[in-house]
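Working notes for the structure below.
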Amino acid sequence: MLPKYLSFLFLVLVSVLAEEKDVLELTDENFSHELEQHENTLVMFYAPWCGHCKRLKPEYAKAAEMLLGSDPPITLAKVDCTENGKETCNKHSVNGYPTLKIFSKKDFVSDYNGPREAAGIVKTIKALVGPASKELTSENCLKSFLESDEVSVVGFFEKDDSPLATSFHAVAKKLKEKVRFAHTTAKSLLEKEGHKNTIVLYRPKVLQNKFEPNTVKYEGDNSIADVQEFINKHYFGIVGVRTQDNARDFKNPLVVAYYAVDYVKNPKGTHYWRNRILKVAKEFPKLNFAISSKDDFQHELNDFGIDFVKGDAPVVLARNANNQKFIMKDEFSVDSFKAFLKDLEADALEPYLKSEAVPEDNSANVKVAVARNFDDLVTNSGKDTLIEFYAPWCGHCKNLAPVYDELGEKLANENVDIVKFDATANDVPPPYEVRGFPTLYWAPKDAKDKPVKYEGERKLEDFIKYIAKHATDELKGFDRKGKPTKPKNEEL
């Protein structure tokens, strides 16, 4: 009899092998031949040592299992670019791992840049390779289509070339990666459902509740804009389920409740808290609401200074239209939630600001800005300012540091401030946008509300030339071309 730990390892091994069984393994020798046998294939080009590939593999395997029997058929495959797939990877210009590409038979269709978790992969690849809208020919087709955990949008048309049908199909093509669409012109189905020349949005059973209708009927005209607005407005309902894949679709002002959101492992708890949020949210139509998994969005919780969510009750965080952040400090209840929302709408809450402490000594040539002193040091300084938004771990930032220090020294006697700001430890104030490090902005003293992103080279002479040219007042030590000027006493 095997020792317990060996039995455990055996089960893990069997589990891993089982997960991989639905993913087609391709090599240089069989790549074209195997792809020719499959109508649609998503291929992952990977390296065994790649950390991102290791994280993707189990999700990819789950997606392959979920796609078994899909209509249209979709196969998931993989190629090891370090072993017997080197030629294939070179042929398809694979420069990083993992790289995912879509093929129809053996012909390349497009790169895949969608979600990297199982459900997202399935939803996106189905939309990419299938028709934008599935045609329904019978009541059973409709019933089968609606047996989904996702919102579905169905067009009921007497003629498939009617103005509304034409707009519907145009919107379906635009939104097919995010929304499930179907349509029908079957007379029996139109009569059975009682819908003619309209569009109906169906909420899946898992999201149905007593606070909003399970279906929403389109009441607009035949324009593409109105059809798309209808879907955008009603898709998430009063309280949407916000995931890593759709988070960008939720707009401010946004109120999010973070807890153990999981309709598979924790359906009872997920429903329980969402219903309480729905009960209150329906009274505040000017705000957008969502629930999110506290584990999937720990990074957002960290942005609000929250390291860990204790207990089952939701933690509620919000952003207003100006992207200011607010925390509901009281423990969640229907009453405390309602009170928080009333104060939020009344602009009676103090925004949360993630900030380091204001430096006690800021006399260096490169001044240190934090969130709490940004207005004093930059916005209201009365000086032109060059600001570097950096991350302590960023290699490019470290390389820039000695140049930036020298720049501060060169301009120490000018009416220009050289400033640095740790964008990982402080909230970046609007209107600045930071999406990579380092990011630099030039903020003229009379136009601090319209800073200009610095896109030039990062050598000392390049900075000086730029600042000399754009400074509000001509520099004392440099002319407008950035050349040093002699002091007046030397000229005499």
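The values are calculated or read from the model by the stated rules, or taken from the named source; none is laboratory data. Since we're looking at a predicted model, the values are computed, not measured. No Cβ is skipped: glycine too gets one built from the backbone with ideal geometry, and neighbour counts run over all protein chains shown. Keep in mind that these areas ignore ligands, DNA and RNA; they rest on the heavy atoms of the full protein, side chains included. Shrake-Rupley method; radii C 1.70, N 1.55, O 1.52, S 1.80 Å.
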- Message: So for the chain, averaging the separation of alpha carbon pairs under 8 Å that are six or more residues apart and normalising by length, what relative contact order in percent results?
- Response: 8
- Query: When the Cα centres of region 323-388 and region 52-96 are compared, how far apart do they sit, in Å?
  - Reply: 45
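Would you mind computing Rg(Cα) / (2.2 N^0.38 Å) for region 146-212, counting N as its residues?
Details: Rg = 12.6 Å, N = 67, 2.2 N^0.38 = 10.9 Å.
The reported ratio for this selection is 1.16.
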- Item | Largest to smallest principal axis extent of the C-alpha atoms in region 227-354, angstrom | 38, 33, 27
- Note on the structure: Expressed as a whole-number percentage, the relative contact order of region 377-448 with C-alpha contacts under 8 angstrom and at least six residues apart is 55
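For Asp160, what is the net charge nearby, where nearby means another residue's Cβ is under 15 Å from its Cβ and Lys, Arg count +1, Asp, Glu -1? Write out the running numbers ahead of the final one.
Numbers: positive: Lys134, Lys159, Lys173, Lys187, Lys196; negative: Glu135, Glu158, Asp161.
Charge balance near Asp160 sits at +2.
Mind checking the per residue accessible area of region 227-270 for me, 1.4 Å probe, whole number of Å²?
Working: 2260 Å² over 44 residues.
Each residue of region 227-270 exposes 51 Å² on average to a 1.4 Å probe.
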- Can you give the Rg to Rh ratio of the chain, both from alpha-carbon atoms, with Rh computed by the Kirkwood formula? 1.05
- Apportionment of accessible area to carbon and sulfur, the chain, percent (1.4 Å): 49
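For region 165-289, what does the relative contact order come out to in percent, with C-alpha contacts under 8 Å and a separation of six or more? Present the calculation step by step, with values, prior to reporting the outcome.
Details: 87 pairs, mean separation 29.1, N = 125.
Result for region 165-289 is 23 percent.
Within 10 Å of each candidate Cβ there may be at most 13 other Cβ atoms; applying that plus a DSSP loop requirement, which GluC sites (Glu not before Pro) in region 61-123 survive? Walk me through the numbers on the way to the answer.
Numbers: sites: Glu65, Glu83, Glu87, Glu117; in loops: Glu83, Glu117.
Of the GluC sites (Glu not before Pro), the ones in loops of region 61-123 whose Cβ has at most 13 other Cβ atoms within 10 Å are Glu83.
In terms of the Cα gyration tensor, with a ≥ b ≥ c the square roots of its eigenvalues, is region 107-170 rounded because a/c is under 1.5, prolate because a/b exceeds b/c, or oblate? Can you show the working numbers first?
Working: a/c = 2.48, a/b = 1.51, b/c = 1.65.
Here region 107-170 falls in the oblate category.
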- Item | Across the chain: Cys residues that no other cysteine approaches within a C-beta distance under 4.7 Å | Cys141
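Step by step: find N for region 48-182, compute 2.2 N^0.38 Å, then divide the Cα radius of gyration by it. What's the final number?
Working: Rg = 17.7 Å, N = 135, 2.2 N^0.38 = 14.2 Å.
It is 1.24.
Can you give the FRET efficiency to the nearest 0.05 for Ile224 and Phe108, using r as the Cβ-Cβ distance and R₀ = 22 Å?
Details: r = 31 Å, r/R0 = 1.40.
E between Ile224 and Phe108, to the nearest 0.05, is 0.10.
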- In whole Hz, the Karplus estimates of ³J(HN,Hα) for region 286-294 (6.51, -1.76, 1.60; θ = phi - 60°; x where Gly or Pro) are 7, 9, 9, 10, 7, 10, 9, 5, 5
- Item | Pairs from Lys342/Lys453; Lys21/Lys126; Lys398/Lys453; Lys174/Lys251; Lys123/Lys342 whose Cα-Cα separation, in the structure shown, is over 27 Å | Lys342/Lys453; Lys123/Lys342
- Based solely on C-alpha atoms, express the radius of gyration and the Dmax of region 299-338 in angstrom. 10.8, 31
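Could you work out the equivalent-ellipsoid semi-axes for region 109-225, taking the square root of 5 times each eigenvalue of the Cα gyration tensor, largest first, in whole Å?
On the way: eigenvalues 110, 65, 38 Å².
Working from the Cα gyration tensor, I get semi-axes of 23, 18, 14 Å.
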- Task: Step through the residues of region 465-480 one at a time and calculate ³J(HN,Hα) from phi using the Karplus curve (6.51 cos²θ - 1.76 cosθ + 1.60, θ = phi - 60°), rounding each to whole Hz and writing x for Gly and Pro.
- Result: 4, 5, 5, 4, 6, 9, 4, 4, 10, 4, 5, 6, x, 9, 7, 5
- Task: Enumerate the calculated ³J(HN,Hα) couplings along region 36-45 in order (Karplus 6.51 cos²θ - 1.76 cosθ + 1.60, θ = phi - 60°), each rounded to whole Hz, writing x wherever the residue is Gly or Pro.
- Result: 5, 7, 10, 5, 9, 9, 9, 10, 9, 9
- Query: Out of every Cα-Cα pair in region 226-289, what percent are more than 20 Å apart?
  - Reply: 29
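Excluding ligands, DNA and RNA, what is the solvent-accessible area per residue of region 107-174 at a probe of 1.4 Å, expressed in Å²? Display every interim value, and only then the final one.
Values: 3440 Å² over 68 residues.
With the other protein chains kept in place, region 107-174 gives 51 Å² per residue.
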- Over all directions, region 265-335 yields a Cα convex hull whose mean projected area in nm² is 5.3
- Query: How do the peptides 251-258, 74-81, 432-439 rank, highest first, by the average count of neighbouring beta carbon atoms within 10 Å per residue?
  - Reply: 74-81, 251-258, 432-439
- Computed Rg/Rh for region 340-490 (Cα atoms; Rh = Kirkwood radius) stands at 1.03
- For Val109, enumerate residues with amide H under 5 Å from its amide H, sequence gap 5+ or separate chain, H modeled in the peptide plane. Ile102, Phe103, Ser104
- Quick one: check the C-alpha center-to-center distance for region 118-145 versus region 175-191, whole angstrom. 10
